[in-house]
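The values are calculated or read from the model by the stated rules, or taken from the named source; none is laboratory data. Remember, predicted model here, so these are calculated numbers, not experimental data. Cβ atoms come from the backbone with ideal geometry, glycine included; neighbour counts cover every protein chain shown.
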Amino acid sequence: MSFQFSPRSLDLQGRLKAFMDQHIYPNEHRFEEEVAANRRAGNVWVPTRVIDELKPIAREAGLWNLFLPRSARVPEGLSNLDYAPLCEIMGRVHWAPEVFNCSAPDTGNMETFERYASESLKRQWLDPLLRGEIRSAFAMTEPGVASSDATNIESTIVREGDHYRINGRKWWTSGAPDPRCKVFIFMGKTDLSAPRHQQQSMIIIPADTPGITIIRPLTVYGFDDAPHGHAEVLFTDVRVPLDNVLLGEGRGFEIAQGRLGPGRIHHCMRQIGVAERGLELMCKRLMSRVAFGKRISEHSVWHERIAESRCLIDQARLMTLQAAHMMDTVGNKVARREIAMIKVIAPNVAGKVLDWAIQAHGGGGVSDDFPLAAMWAHSRTLRFADGPDEVHRAAIAKLEIARHSPIPGDAGRVEIPVTRGS
């Protein structure tokens, strides 16, 4: 299959690469220094000046809100296929997507607002998100249940007069510690007697609503991902108007399936960029070190690893582009197998390439002197986020079995399980 990017996508790719060279890569150390300085000062959750300075430059350059297709509010939004190479380029530096207002969980939340929210909620929350004035969080995963099956969630959304009363404990709520986080999209149960996939609802909760407590930030292999971060959050008798529910009661599972498709493939697009950066750093390091009388890059074991990395990355990229193309042409539901496959493939490929890159750097690879350790930790986490490998593999297998089933219609009854989005 041949994937042809539009002339606009090709132009944006060149402009984005130039922006990365001019503004992002030279500021990688500055970003880390700012976060470290804030940590020493006792508040690591202060937004960095470098990102705030670069955002207006990116917007002026036309590199803003490129992720959202088919939106009257965002005419600059690209198709999934055209956005894929741009997302890959941004993914080479973990904080870069925010500079272009293309970072998780805001992208998934903005898509949710665009698809499922009322016009008044869009004006209140989507428009400032699109302008980059605020940030958001998605509250779905819970510590007390296996959240790989979203029907397990125990948080409650109870109608009381003209309000809903919300109670629950969430964790891995990405973005919650960020002081710019002004709104949560929250998933809970409104009707325990309804069919299994119609018990859940999604509701909008302003972050300053009484009853919300940030219990603690969570670390990933010791990394806190500040100043964005992930948190455990307690919702105690939180009250919001009835109009804040999305689509209506019992539609939460449906919304989650619609939200997580784009979110999953965006993660995969960025993971291709992560793997490419890992391979690049690996090769440069191997060429700069001598062991046993010759450059390490001349030892045959590294030839094997470099070649394997190149093969794996290109395979993953093609699979990602195929999934993106299908999402654009036949829709997310029909493309659910391809989305599930790339969600398994991309983080595993990135993790393997990064592991070799860390090995090539020796002790430096596991230190903070290079970005590899943090990149590896994030890639490893993505084998849980938006659905663990095991859930996606099970769904892929069921879809494949259904293709060969003698019972007509079996394939249509297979669903990709909904899990947390980040």
Q | Ser201, sole failed condition from (1) within 24 Å of Phe253 (Cα to Cα); (2) surrounded by fewer than 21 Cβ atoms within 10 Å (Cβ to Cβ); (3) out of contact with any Phe, Trp or Tyr (no Cβ under 8 Å at 6 or more places or on another chain); (4) of a type in the set (S, T, N, Q) | A | (2)
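For segment 334-360, which positions are assigned to a loop (DSSP other than H, G, I, E, B) and over 19 Å from the mean Cα position of the chain (by Cα)? Quick ask: steps written out before the conclusion?
Narrowing segment 334-360 to residues assigned to a loop (DSSP other than H, G, I, E, B): 334-335.
Listed by number, the list holds a single entry, Val334.
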Q. Does segment 203-212 contain at least one residue that is over 29 Å from Lys333 (Cβ atoms), free of Cβ contacts under 8 Å to residues at least 40 places away in the same chain and in a strand (DSSP E or B)?
A. yes
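With a cut-off of at least 1 residues that are buried (at least 22 other Cβ atoms within 10 Å of the Cβ), among the β-branched types (Val, Ile, Thr) and in contact (Cβ under 8 Å) with a residue 40 or more places away in the chain, name the strands (runs of 3 or more DSSP E) lying wholly within segment 90-191. Spell out how you get there, then give the answer.
Working: elements: 135-139, 156-160, 163-174, 181-189.
Filter on segment 90-191 gives 156-160, 163-174, 181-189.
Just the residues that are more than 29 Å from His392 (Cα to Cα) and in contact with a Ser or Thr (Cβ under 7 Å, 6 or more places away or on another chain), please, taken from segment 167-181.
Here is the first cut: in segment 167-181, the ones more than 29 Å from His392 (Cα to Cα) are 167, 177-181.
Listed by number, the residues that qualify are Asn167, Cys181.
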Q) So, in segment 8-27, of the ones that are surrounded by 16 or more Cβ atoms within 10 Å (Cβ to Cβ) and not hydrophobic (A, V, I, L, M, F, W, C), which residue ends up nearest to Asn80 (Cα to Cα)? A) Ser9
Q.
So for segment 126-134 (the condition being among the small types (Gly, Ala, Ser), over 16 Å from Met20 (Cα atoms) and within 18 Å of the chain's Cα centre (by Cα)), does at least one residue qualify?
A. yes
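Is it fair to say Thr156 is among the hydroxyl-bearing types (Ser, Thr, Tyr) and farther than 19 Å from Val238 by Cα?
Working: among the hydroxyl-bearing types (Ser, Thr, Tyr): yes; farther than 19 Å from Val238 by Cα: no.
No: the conditions fail for Thr156.
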**Q.** Any chance Val158 is at pLDDT 95 or above, farther than 22 Å from Val44 by Cα and of a type in the set (A, V, I, L, M, F, W, C)
**A.** yes
Q | Breaking point among (1) over 23 Å from Ala137 (Cβ atoms); (2) at pLDDT below 95, for Ser71 | A | (1)
Q.
All but one of (1) outside any helix (DSSP H, G or I); (2) free of Cβ contacts under 8 Å to residues at least 24 places away in the same chain hold for Gly363; state the number of the condition that does not hold.
A. (1)
Q.
Criterion first (touching a residue at least 60 places away in the same chain (Cβ under 8 Å), at positive phi and not charged (D, E, K, R)) does Gly250 satisfy it?
A. yes
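Conditions (1) modelled with pLDDT of 95 or more; (2) farther than 24 Å from Asn101 by Cα, marked per residue:
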residue	(1), (2)
Pro143	yes, yes
Asp149	no, yes
Arg180	yes, no
Val183	yes, no
Gly188	yes, yes
